[in-house]
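A.B. asks: Questions regarding the structure given below will be posed in turn.
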Amino acid sequence: MINKNDKKVAFYTLGCKLNYAETSNIARILNEGGYQKVNFQDNADFYVINTCAVTGNAEKKCRNIIRQTIRRSPTAKIIIMGCFSQLAHEEIKNIEGVSLVLGNSEKSDIIKYMQELDNDTNSLVSCNDILKIDEFYPSYSSGDRTRAFLKIQDGCDYYCSYCTVPLARGHSRSGRIEDIVNSAIEIGKKGIKEIVLTGVNIGDFGKNTGEKFIELLRKLEDVKAIERYRISSIEPNLITEEIINHTAISRKFLPHFHIPLQSGTDKILKAMKRRYDTKFFSEKVSLIKKQISDCCIAVDVIAGFPGETEKDFEETYNFINSLDISYVHVFTYSERANTLATDFENKVSISERHKRTKALLELSEIKKKEFYLQHIGQSAKVLFESENENGFIGGFSENYIRIKVPYTHEFVNKILELTIKEENLDL
Ligand code: SF4
């Protein structure tokens, strides 16, 4: 039963799919609590900003959006949550105009804190030590996109030397298969056809429950209303042959893997405290392509890690170029507080980091174009989205090729089969 309290709330999300799933979940909780969701540009009584701290740039964006929102709506209640909030709540609470600062384990209780705020409490901070948190807060996104992000796991115990995520999200923990399957059924009832499984280190699923990731994939296969699943980023050492085989024969799990590589030299991988070397990584890529020849493989890489010489970078560039992959997500290394790498010597200059980032982005475009052109003349099942993009409607094929065709309203949120022509490729 929705009790009307006419209070308007608006949301702004930065960062990863997990953050989008959690914001969407909180919007549903507040809606059930009688709050009316409005667009972020509109006037609202409460503005909720879900933050990210994965890079220095992400933090900068958070500070900017917080300050802009306060300037734009000086009388509204400004609520900050998420990873930047978890890590820097002391700094954020001192920003004039911020009303509520919530840590990552407090955000699911937001309604309680908002009611306290309503009782003219000026500002509140609630941020537990996330490393003491064992609870898993389920979430999924719905309503604002064609595909839903379904949170299956949270936290990470890997402590790669450059990464602040374990400090922001706590230990690796996941939901129970039964609950996740029920969420998938709920999502299906909303007319959503595709789910992206998301988390922080999703291959580590079941660490706290003893359940197996492969079992989850098998159970999700039986959810009638959901036609397609994508596995979001998964560590190379956690992609088992079972997962590859399942994806190869599955009617629903799509031929698309996103695998963090981070560097193409064993020297830097070791300094990063990654759990594989280049030989292991290239063999994993070959194994996937042997089983699923048209599989889309995206890799993450960090440019400018401390100690990365010009020769190391060249080696990384050539290594990525040698892999049968589809595109690259490139991150410019940035120091994160309380991470080992921040104190490493032989730092790479900012300008050099950007130069290397640019080179890898260009390489990614070359790889992507090659991958797209390989599929001309082949048939593809495309899930069309809703936007009319200059007279075209777009969507992704099973192996994540962006396709566009002349806009037809009947195509919205439909999975349609077509033969790929060059003019359909949305490069
Ligand atoms: S696996 Fe490494 S990079 Fe990924 S979230 Fe965990 S610590 Fe960070």
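The values are calculated or read from the model by the stated rules, or taken from the named source; none is laboratory data. Given the structure is predicted, the values throughout are model-derived calculations rather than measurements. All Cβ positions, even for glycine, are placed from backbone atoms using ideal geometry, and neighbour counts span all protein chains on display. Accessible surface is based on the protein model in full, side chains and every heavy atom, while ligands, DNA and RNA are left aside. Shrake-Rupley method; radii C 1.70, N 1.55, O 1.52, S 1.80 Å.
A.B. asks: Criterion first (at pLDDT 95 or above, open to solvent by 60 Å² or more (accessible area, probe 1.4 Å) and among the aromatic types (Phe, Trp, Tyr)) does Phe280 satisfy it? Steps first, answer last, please.
C.D. replies: Working: at pLDDT 95 or above: yes; open to solvent by 60 Å² or more (accessible area, probe 1.4 Å): yes; among the aromatic types (Phe, Trp, Tyr): yes.
Answer is yes for this residue.
A.B. asks: Then there's this: Which of the following residues is closer than 20 Å to Ile259 by Cα and surrounded by fewer than 20 Cβ atoms within 10 Å (Cβ to Cβ): Asp179, Asp157, Asp129? Quick ask: steps written out before the conclusion?
C.D. replies: Details: Asp179 fails: closer than 20 Å to Ile259 by Cα; Asp129 fails: closer than 20 Å to Ile259 by Cα.
After applying the criteria, what remains is Asp157.
Residues checked against (1) in contact (Cβ under 8 Å) with a residue 40 or more places away in the chain; (2) at positive phi:
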residue: Glu91; (1), (2): no, no
residue: Gly97; (1), (2): no, yes
residue: Gly103; (1), (2): no, no
residue: Lys107; (1), (2): yes, no
residue: Ser126; (1), (2): no, no
residue: Tyr137; (1), (2): yes, no
residue: Cys156; (1), (2): yes, no
residue: Cys163; (1), (2): yes, no
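A.B. asks: Here is a list of conditions, (1) hydroxyl-bearing (Ser, Thr, Tyr); (2) exposed (fewer than 15 other Cβ atoms within 10 Å of the Cβ); (3) under 22 Å from the mean Cα position of the chain (by Cα), and Ser334 meets all of them except one; can you say which number that is?
C.D. replies: (2)
A.B. asks: Hey, another quick one. I'm checking my understanding of the structure. Among residues of segment 163-176 that are near the ligand (Cβ under 8 Å from one of its atoms) and open to solvent by 30 Å² or more (accessible area, probe 1.4 Å), which one is nearest to Asn388 (Cα to Cα)?
C.D. replies: Restricting to residues being near the ligand (Cβ under 8 Å from one of its atoms) and open to solvent by 30 Å² or more (accessible area, probe 1.4 Å), the top hit is Val165.
A.B. asks: Would you confirm whether or not segment 190-204 contains a residue that is open to solvent by less than 10 Å² (accessible area, probe 1.4 Å), at positive phi and touching a residue at least 24 places away in the same chain (Cβ under 8 Å)?
C.D. replies: Checking segment 190-204: not a single residue is open to solvent by less than 10 Å² (accessible area, probe 1.4 Å), at positive phi and touching a residue at least 24 places away in the same chain (Cβ under 8 Å).
A.B. asks: Here is a further query. Looking at Gln86, is it farther than 30 Å from Ala271 by Cβ and polar (S, T, N, Q)?
C.D. replies: On the way: farther than 30 Å from Ala271 by Cβ: no; polar (S, T, N, Q): yes.
So Gln86 fails the test.
A.B. asks: Taking the criterion of being within 15 Å of the ligand (Cβ to nearest atom), of a type in the set (Val, Ile, Thr) and either without any contact (Cβ under 8 Å) to a residue 12 or more places away in the chain or open to solvent by less than 40 Å² (accessible area, probe 1.4 Å) (or both), would at least one residue in segment 210-230 satisfy it?
C.D. replies: No - not one qualifying residue is present in segment 210-230.
A.B. asks: Looking only at segment 234-248, how many residues end up being in contact with a Phe, Trp or Tyr (Cβ under 6 Å, 6 or more places away or on another chain) and within 12 Å of the ligand (Cβ to nearest atom)?
C.D. replies: Initial filter on segment 234-248 (in contact with a Phe, Trp or Tyr (Cβ under 6 Å, 6 or more places away or on another chain)): 236-237, 247.
If we keep only those that are within 12 Å of the ligand (Cβ to nearest atom) as well, we get 236-237.
So the count comes out to 2.
A.B. asks: Would you be able to say whether some residue in segment 68-76 is touching a Ser or Thr at 6+ places or on another chain (Cβ under 8 Å) and surrounded by 20 or more Cβ atoms within 10 Å (Cβ to Cβ)?
C.D. replies: Within segment 68-76 (the criterion being touching a Ser or Thr at 6+ places or on another chain (Cβ under 8 Å) and surrounded by 20 or more Cβ atoms within 10 Å (Cβ to Cβ)), the answer is no, since none of the residues qualifies.
A.B. asks: Take segment 333-349 and flag every residue that is touching a residue at least 12 places away in the same chain (Cβ under 8 Å) and more than 18 Å from Lys267 (Cα to Cα). First the steps, then the outcome.
C.D. replies: Of segment 333-349, the ones touching a residue at least 12 places away in the same chain (Cβ under 8 Å) are 333-341, 344-348.
Of everything in segment 333-349, those that are touching a residue at least 12 places away in the same chain (Cβ under 8 Å) and more than 18 Å from Lys267 (Cα to Cα) turn out to be Ser334, Glu335, Arg336, Ala337, Asn338, Thr339.
A.B. asks: May I pose another question? Are any residues in segment 249-284 within 16 Å of the ligand (Cβ to nearest atom) and either β-branched (Val, Ile, Thr) or touching a Lys or Arg at 6+ places or on another chain (Cβ under 7 Å) (or both), and if so, which ones?
C.D. replies: If the condition is that a residue be within 16 Å of the ligand (Cβ to nearest atom) and either β-branched (Val, Ile, Thr) or touching a Lys or Arg at 6+ places or on another chain (Cβ under 7 Å) (or both), then Ile259, Gln262, Ile268 are the ones that fit.
A.B. asks: Also, quick follow-up: So how many residues does segment 381-427 have that are of a type in the set (Gly, Ala, Ser) and over 27 Å from Gly188 (Cβ atoms)?
C.D. replies: To start, the set of residues in segment 381-427 that are of a type in the set (Gly, Ala, Ser) comprises 386, 391, 394-395, 397.
When the remaining residues are screened for being over 27 Å from Gly188 (Cβ atoms), the result is 391.
Residues flagged as of a type in the set (Gly, Ala, Ser) and over 27 Å from Gly188 (Cβ atoms) within segment 381-427 amount to 1.
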